[in-house]
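None of the figures in this text is laboratory data; all of them are computed from the coordinates on show. Because the structure is predicted, anything quoted here is derived from the model rather than measured. Glycine gets a Cβ as well: all are built from the backbone with ideal geometry, and neighbour counts include every protein chain shown.
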Amino acid sequence: NTTENEITNGGMTSAVECSQETNQHLDKKVAHLKDQNYNLESAVIGFKNEVSDVKAKNHELLNKIAALETLNESLSSPLPNSTANLDRLSQDESKIESLEKKIDDLEATKKSNCSHIR
């Protein structure tokens, strides 16, 4: 006959074995979750590094844009004395045209005088 003590002991043994199996199962789950956590932390570090790289490149591009804007402003503003220089060139062109007309008139007069002499 099985005594009450043996039944209780058997139940306890069964409960302990079940608890040990549960603990082993939970230990495996914890180990798996730790692996996943490590992988996620690595991914986050990698992502942070990428973000840092993008920020650095963005900063570099902003500096280049600022330099180009400065260059564009300097190129679009008139050169010093450019208006005065253009006025002088225009006057010079008028003088040249006037001199060319005088030369043409003198050549015409010369031809006319030469034809009268002959």
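Give me the percent of Cα-Cα pairs in region 22-88 that sit more than 20 Å apart, rounded to a whole number. Each step should come with its number before you reach the end.
On the way: 1456 of 2211 pairs.
When every Cα pair of region 22-88 is considered, 66 percent fall beyond 20 Å.
Inverting the mean 1/r over all pairs of different Cα atoms, compute the Kirkwood radius of the chain and quote it in Å.
Numbers: mean 1/r = 0.0390 Å⁻¹.
It is 25.6 Å.
Once both axes come from the Cα atoms, what is the angle between helix 4-76 and the longest principal axis of the chain, in degrees from 0 to 90, rounded to 10?
10
What is the angle, in °, between the Cα long axis of helix 82-117 and the longest principal axis of the Cα atoms in the chain? Nearest 10 is fine, range 0 to 90.
30
Which percent of Cα pairs goes in each bin when the distances of region 74-116 are cut into 5 angstrom slices starting at zero?
6, 19, 13, 14, 9, 10, 8, 6, 6, 4, 3, 2, 0
Assign unit charges at the C-beta atoms only (+1 for Lys and Arg, -1 for Asp and Glu), then state the dipole size of region 37-118 relative to its Cα centre in Debye, rounded to the nearest 20.
Details: 11 positive and 14 negative charges, 81 e Å.
Result for region 37-118 is approximately 400 debye, rounded to the nearest 20.
Picking from Ser90, Ser52, Val30, whose Cα lies most toward the positive end of the charge dipole for the chain (charges on Cβ: Lys, Arg +1; Asp, Glu -1)?
Ser90
Along the Cα→Cβ direction, 7 angstrom out, place labels at Lys111 and Tyr38. What is the inter-label distance in nm?
Once both label points are built, they end up 10.3 nm from each other.
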